[in-house]
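The values are calculated or read from the model by the stated rules, or taken from the named source; none is laboratory data. Just so you know, these numbers come straight off a predicted model, no measurement behind them. Note that we place each Cβ from the backbone using ideal geometry, even for glycine, and neighbour counts take in every protein chain shown.
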């Protein structure tokens with residue numbers, strides 16, 4: 001029996017080789033037809049979710065929530081930060097704008113709310129809330145409201161906004177290491193305004209810059225007609241029967257009306273805009289019989305980023321970083337996490 005052992009061993013070795021060699025030959029080519037996924041990943045699991053065209057993406061950031069006062073229902077809605085930003089960008093900017101403009105808006109909106117959260121700024125906000133859903137802070141609409149507003153276009157519009165928010169995820173605008181007051185508005189008059197020319201506070205990053213793209217905005221010019229008596233009553237002035245309606249004695253760096261002298265009573269351009277409910281503080285007027293026709297340029301306070309200006313820059317090829325650094329002078333794009341950590345630490 002001993003003489004047969006070498007033959008048995010040889011036969012066993014040959015059988016083993018016939019099994020091993022094909023497998024060894026196939027292994028180097030096993031990934032050639034792998035369409036996606038990591039080596040060893042079971043691509044049959046969750047495949048329907050990956051390929052679902054109409055799936056609604058969502059953002060999850062459980063660590064930071066924003067308490068939004070919903071003015072229409074007088075109640076507080078707690079919203080995860082990034083979902084809040086989707087609702088703000090969707091409400092504040094035209095979804096048909098270029099992607100880079102939407103990214104700039106997302107970055108400004110995130111900076112605005114982080115600044116308020118870090119500084120615990122709840123001035124003018126009802127108790128228990130951190131921000132309102134109006135222009136006093138940032139306009140916000142939740143997912144249900146957006147579904148109703150967009151109808152059949154909901155999926156692609158939300159995805160476009162969501163992509164802009166995610167593309168700037170974790171980023172804010174800072175000056176000297178602190179989040180800025182990232183103000184924005186619809187349309188400039190060809191320039192933006194120094195902050196102190198409209199409000200009392202002076203910020204080094206809110207400087208007047210040129211914004212020629214605003215001239216393409218459908219909101220660039222507008223007219224309003226008021227009766228003489230209504231005009232006088234709202235401003236608390238008397239203009240008499242002549243054609244002269246006050247005298248502009250000062251203009252701002254941003255080419256808006258600084259001050260108007262009505263026979264010794266001086267009002268600022270901001271005062272007049274507010275009292276007459278004008279679109280801008282860059283205005284001119286003329287008397288036509290018993291009416292005064294007021295023409296304005298721009299739409300909004302004019303401080304910070306012009307939204308139509310941002311879109312105009314994007315149409316010319318500027319990216320969101322170039323856009324924000326034009327409208328907010330001397331700023332840096334910084335990570336939000338260190339500052340948000342102080343917010344979550346308070347909970």
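Numbers below:
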read-out: Any hit, the stretch 274-287, residues being within 34 Å of the chain's Cα centre (by Cα), surrounded by fewer than 17 Cβ atoms within 10 Å (Cβ to Cβ), in a helix (DSSP H, G or I) and not assigned by TED's automatic domain parsing to the domain that holds residue 98; value: yes
read-out: Residue under evaluation residue 161, criteria (1) within 30 Å of residue 256 (Cβ to Cβ); (2) within 18 Å of the chain's Cα centre (by Cα), criterion not met; value: (1)
read-out: Residue in the stretch 288-302 that is farthest from the chain's Cα centre (by Cα), counting only those that are at negative phi and surrounded by 19 or more Cβ atoms within 10 Å (Cβ to Cβ); value: 292
read-out: Residue list for the stretch 323-341, restricted to those being within 15 Å of the chain's Cα centre (by Cα) and surrounded by fewer than 24 Cβ atoms within 10 Å (Cβ to Cβ); value: 325, 333
read-out: Selection count where residues are surrounded by 13 or more Cβ atoms within 10 Å (Cβ to Cβ), more than 11 Å from residue 198 (Cα to Cα) and out of contact with any strand residue (DSSP E or B) (no Cβ under 6 Å at 6 or more places or on another chain), scope the stretch 249-272; value: 2
read-out: Verdict on residue 174 being within 20 Å of the chain's Cα centre (by Cα) and in a loop (DSSP other than H, G, I, E, B); value: no
read-out: Residue in the stretch 106-128 that is within 14 Å of the chain's Cα centre (by Cα), on the phi < 0 side of the Ramachandran plot, assigned by TED's automatic domain parsing to the domain that holds residue 333 and not in a helix (DSSP H, G or I) present; value: no
read-out: Cross-chain or 6+ apart pairs with Cβ under 6 Å, the stretch 207-225 first and on the phi < 0 side of the Ramachandran plot, then in a strand (DSSP E or B) and surrounded by fewer than 17 Cβ atoms within 10 Å (Cβ to Cβ); value: 223/295; 225/291; 225/293
